[in-house]
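The values are calculated or read from the model by the stated rules, or taken from the named source; none is laboratory data. The structure displayed is predicted, hence computed values, not measured ones. A quick note on method: Cβ atoms are made from the backbone with ideal geometry, for glycine too, and the neighbour counts reach across all protein chains shown.
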Amino acid sequence: MNKFNQPKDTLLSRAASIAIGKGLRKAHPLESHGIIKPRPKGFNSNTVLEKSNEDRLAELIPIRYGRMLVSPFTFLRGSAALMADDLSRTPNSGIYVEACGDCHLLNFGAFATPERKLVFDINDFDETLPAPWEWDVKRLATSFVVAARDKGLDNKLAQEVAKLCVQSYRENLRMFSKMSPLNLWYEQLDLAKFAKNAPDKKAKLYREELIKRAESRVAEYLFPKITTEVDGRKRLIDEPPLIFHQDRSNFEAHAMQALKVYRESLPDDRKCLLDHYHLEDLVVKVVGIGSVGTRCFVALFMTPDGHPLLLQAKEARASVLEPYAGKSQYINHGQRVVVGQRLTQSSSDIFLGWARGPEGRDFYVRQLRDMKVSFSFDEVTPLRLKRYAQYCGLALARSHAKSGDAAMISGYLGKSDVFDEAVSRFAMEYAKQNKKDYEKLLDAVRKGVIKAIDESSL
């Protein structure tokens, strides 16, 4: 059997896959997914976090910790390596999919397809790798519990939201398992349809506003806000220490070399499109929470007539799942990210590609903010959080169905809510562990053992 639980030369019918899934329940009962196994003796969460800082830009690590310490939820976002270690000790069915690897609620959002249609999907694949599908579901459910608590919602509601997310995953996965592979490949979660079919006027207005925000996040709109002119040349504006020009003498030469390698990863038609632009400027940019300290660059390209193109090149390191799920088949981790994204998303960025820089580091490249928007936490209501949990469960189900055996997973899950209940209990317990780990990091910072920078003081 291969990692996707199927002999390489054998195709299974839906009925056969469901039967195998049902059989797996005996070895791995659905109820067991509510259990969190104790950590090994001497385990230290801060040690895991410190290890994940290896080969990051040292001067940016305190910013990473500062962002993690904003709340237990931001801590969860930045501690994917820590949760991967914990998930590796939980029961799993043995069925593999192309996992997101860092499946929390803010790694979903809206973005534009090549046809400029807005869709809702997973939008972060730094940690993608073939792995047990349960790991994504458990991390996603946990993120809803931690987020609900951060917003002052009670435990009963937090667990209800997590259960709704898992229920949505289970029910929609069963629906997707009945579709032909081709129809599933074409399946998209159209944001315009979400707005049109909104259950009430308030929800419709919110979704329409989300679409408007996404439509304004294009290069032509962003370009004037982040650039200036110096000696007749367009330059990206510095905002140190978060956006800055690199002062190394060989920086631009290395960048040009890496961009040539990136160009070769593109299909021929995209190479032709890219060739209409020339590199105008390049800056280092601090991004995310878990990614802070890894190398990320924003490249400004221009046509001779002044049309802009903004690309983001982000360092790709080994997935946090690798120690537990096995090494990637791709030598270049940028390629791992790109292939995983194309395999699981309904539609991907036309400039998505990869490169290895002159210093041996891997990168993947995509457009910067091309109509990308995420869920807003400014006005969280219980109803809005519940609906969003259902959408995320739906999107994750479509993603897993596309890359794995949806019928086998569906057969394992069955039609009851036993798994939903189990994972919602897991999420509640892990939220407690997450808070303890957050407080342990906070204590280390207070004692001066670990340095963190509060960006509001910069």
- Message: I'm trying to understand the selection: among the residues of region 257-292, which are over 17 Å from residue 334 (Cα atoms), in a helix (DSSP H, G or I) and either without any contact (Cβ under 8 Å) to a residue 60 or more places away in the chain or of a type in the set (Lys, Arg) (or both)?
- Response: 268, 269, 270, 271, 272
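Quick check on residue 295: is it charged (D, E, K, R), farther than 29 Å from residue 221 by Cα and touching a residue at least 60 places away in the same chain (Cβ under 8 Å)? Walk me through it before giving the result.
Numbers: charged (D, E, K, R): yes; farther than 29 Å from residue 221 by Cα: no; touching a residue at least 60 places away in the same chain (Cβ under 8 Å): yes.
It is false that residue 295 is charged (D, E, K, R), farther than 29 Å from residue 221 by Cα and touching a residue at least 60 places away in the same chain (Cβ under 8 Å).
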- Item | Residue among 424, 416, 403 that alone is in the same structural domain as residue 180 (by TED's automatic domain parsing) and buried (at least 24 other Cβ atoms within 10 Å of the Cβ) | 424
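Table: residues versus (1) within 18 Å of residue 217 (Cα to Cα); (2) in contact (Cβ under 8 Å) with a residue 40 or more places away in the chain; (3) in contact with a His (Cβ under 9 Å, 6 or more places away or on another chain); (4) assigned by TED's automatic domain parsing to the domain that holds residue 288.
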position: 332; (1), (2), (3), (4): no, no, no, yes
position: 337; (1), (2), (3), (4): no, yes, no, yes
position: 340; (1), (2), (3), (4): no, yes, no, yes
position: 343; (1), (2), (3), (4): no, yes, no, yes
position: 346; (1), (2), (3), (4): no, yes, no, yes
position: 355; (1), (2), (3), (4): no, yes, no, yes
position: 358; (1), (2), (3), (4): no, yes, yes, yes
position: 380; (1), (2), (3), (4): no, yes, no, no
- Take the residues of region 187-210 that are in a helix (DSSP H, G or I) and within 21 Å of the chain's Cα centre (by Cα): which is surrounded by the fewest Cβ atoms within 10 Å (Cβ to Cβ)? 210
- Query: So which of 164, 118, 106, 184 is under 30 Å from residue 219 (Cβ atoms) and in contact with a Lys or Arg (Cβ under 8 Å, 6 or more places away or on another chain)?
  - Reply: 106
- Item | Sole exception among (1) buried (at least 21 other Cβ atoms within 10 Å of the Cβ); (2) closer than 20 Å to residue 413 by Cα; (3) of a type outside the set (D, E, K, R) for residue 179, by number | (1)
- Task: Select from region 218-248 the residues that are assigned to a helix (DSSP H, G or I) and surrounded by fewer than 15 Cβ atoms within 10 Å (Cβ to Cβ) and list them in ascending order.
- Result: 220, 221, 224, 225
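Looking only at region 26-39, which residues are over 14 Å from residue 429 (Cα atoms) and either modelled with pLDDT of 95 or more or polar (S, T, N, Q) (or both)?
Matches in region 26-39: 29, 30, 31.
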- Item | Set 396, 385: member being assigned to a helix (DSSP H, G or I), at pLDDT below 95 and either buried (at least 23 other Cβ atoms within 10 Å of the Cβ) or among the aromatic types (Phe, Trp, Tyr) (or both) | 385
- Query: Of the conditions (1) surrounded by fewer than 18 Cβ atoms within 10 Å (Cβ to Cβ); (2) out of contact with any Lys or Arg (no Cβ under 9 Å at 6 or more places or on another chain), residue 25 fails just one. Which one is it?
  - Reply: (1)
